[in-house]
Amino acid sequence: FISADLSRGIMEVKNAQLPGKNLSEFGGLEFICRLKAYGSFLRRYQKYIREKLQQLPYLIEITVKDDEQGDPLINDDTIVALGILDEKQLARCKELTNRAAQVIEQDLLQKELFLVDIKFEFGLINNQVALIDEVSADSMRVMDKNGKFLSHQEIYNAIKAK
């Protein structure tokens, strides 16, 4: 992000490349930070989970953005072996995922909202890792203090409320 003119509906950004040689046709990688067991994580591991919404310590899962294949999970070793990211770039993506999730979690807690999970997309600008997609209500799952999952509009309204 460089700048935006909201009145004209335009934004200036740096050109970023998706990591990996063949990922651009699918859309890259998603880094999902999970704070609670829910969604696809719960479906995959329900047999091993003690309780729904079990606390997860900023667990990071990585998926390939490929709707045709169901956005498959991919592990660190595979990412490096396939040359999608090198070890340093991968570590940076995970570090930024963790740090951003913590900042967003703290902001939400001030509104008595609880982050369940959030996803980020990274690319490369001049071979350096950069967040390349918006962070919005569409990229996170949030609950209120009563355990109700909020819609994207409800998250937006709660964040904007004074």
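The values are calculated or read from the model by the stated rules, or taken from the named source; none is laboratory data. What you are looking at is a predicted structure, and each value in this text was computed from that prediction instead of being measured. Note: ideal-geometry Cβ built from the backbone for every residue, glycine included; neighbour counts use all protein chains shown. Ligands, DNA and RNA are stripped out before the accessible areas are found, and what is left, the full protein with its side chains, is counted by its heavy atoms. Shrake-Rupley method; radii C 1.70, N 1.55, O 1.52, S 1.80 Å.
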Self-check item: Estimated distance in nm for a label pair at ASN15 and ALA91, the labels positioned 7 Å out from Cα along Cα-to-Cβ
Solution: 3.0
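With a 1.4 Å probe and all protein chains left in place, how much accessible area per residue does region 56-162 have, in Å²?
On the way: 6450 Å² over 107 residues.
Per-residue accessible area for region 56-162 comes out at 60 Å².
Computed FRET efficiency, Cβ-Cβ of GLN106 and GLN46, R0 30 Å: what is it to the nearest 0.05? Don't skip to the answer; put the middle values down first.
Values: r = 29 Å, r/R0 = 0.98.
Approximately 0.55, to the nearest 0.05.
With contacts defined as alpha carbon pairs under 8 Å and 6 or more residues apart, what's the relative contact order of the chain in percent?
Details: 234 pairs, mean separation 36.6, N = 162.
Relative contact order comes out at 23 percent.
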Quiz prompt | Descending principal axes extents, the chain, alpha-carbon based, whole Å | solution = 50, 45, 28
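Keeping every protein chain in place, order ILE125, ILE132, ILE84 by accessible area at 1.4 Å, biggest value first, i.e. largest first. Don't skip to the end; give the middle numbers.
Details: ILE125 40, ILE132 65, ILE84 15 Å².
If we order ILE125, ILE132, ILE84 from most to least accessible, we get ILE132, ILE125, ILE84.
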Quiz item: Picking from ALA101, ALA81, ALA37, which is most flexible by a Gaussian network model of the chain using Cα springs under 10 Å?
Solution: ALA81
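Mean residue ellipticity at 222 nm from the helices of the chain, using -39,500 (n - 2.57) per DSSP H segment of n ≥ 4 over the full residue count, to the nearest 500 deg cm²/dmol?
Calculated mean residue ellipticity at 222 nm is -8500 deg cm²/dmol.
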Self-check item: region 88-138, relative contact order in percent, only Cα pairs under 8 angstrom and at least six apart counted
Solution: 29
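Excluding same-chain pairs closer than 8 in sequence, count the lysine pairs in region 1-148 whose Cα atoms lie under 12 Å apart.
Summing the qualifying lysine pairs gives 4.
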